[in-house]
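Heads up: the structure comes next, in structure tokens.
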Amino acid sequence: MIGMISCKEATYLVSKKEQGKITIAERIRLSLHLMICKFCKRFEKQNKIITEHAKRLEHVLYNDGETTLPDSYKEHIRSSVTGNND
């Protein structure tokens with residue numbers, strides 16, 4: 001039986017989903033929770049943004065050999081955090 005999960009479990013599953021380690025049953029339970037909980041839905045969106053930026057930062061630091069971010073990338077981060085994706 002699939003029951004409602006708590007917000008604590010939902011945030012755990014969101015993080016697990018980002019790592020690609022979520023089962024089908026967990027995905028269903030998470031989807032049901034996210035349909036009714038705007039706070040966890042917001043957390044999912046923010047977690048995805050953070051994960052994407054962390055992956056890009058890792059690429060810049062380890063593949064390009066630079067220790068600072070280019071100004072264009074800093075502006076991209078600012079715009080995605082504030083919601084101005086121009």
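The table below lists the values:
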item	result
Two-site label geometry, K48 and M4: point separation in nm, points 7 Å out along Cα→Cβ	2.4
Gain in span if fully extended, K38 to A25, counting 0.36 nm per residue against the direct Cα distance	2.6 nm
Over the chain: helical MRE at 222 nm, DSSP H runs n ≥ 4 each giving -39500 (n - 2.57), nearest 500	-24000 deg cm²/dmol
0 to 90° range, to nearest 10: angle between helix 38-63 axis and the chain longest Cα axis	40
Accessible surface of R56 - all protein chains present, 1.4 Å probe, nearest 10 Å²	100
Positive minus negative residues near S6 (Lys, Arg vs Asp, Glu; Cβ under 14 Å)	0
Convex hull (Cα only) mean projected area of the chain, reported in nm² to one decimal	7.0
Cut-off 13 Å between beta-carbons: net charge of the residues surrounding C37, Lys and Arg +1, Asp and Glu -1	+4
Between 0 and 90°, nearest 10: helix 7-18 axis offset from the chain longest Cα axis	50
Using alpha-carbon coordinates, inclination of helix 71-82 to the longest axis of the chain, degrees	30
Given K38/K74; K16/K74; K21/K48; K16/K41; K8/K55, the pairs whose alpha carbons are separated by over 21 Å	K38/K74; K16/K74; K8/K55
Rough spin-label spacing in nm, given labels placed 7 Å along Cα→Cβ, for K74 and E18	2.4
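The values are calculated or read from the model by the stated rules, or taken from the named source; none is laboratory data. Please read these numbers as outputs of a predicted model, since none were measured by experiment. For neighbour counting, all protein chains shown are included, and Cβ atoms are generated from backbone atoms with ideal geometry for every residue, glycine included. Side chains are part of the model used for accessible areas, which takes the heavy atoms of the whole protein and leaves out ligands, DNA and RNA. Shrake-Rupley method; radii C 1.70, N 1.55, O 1.52, S 1.80 Å.
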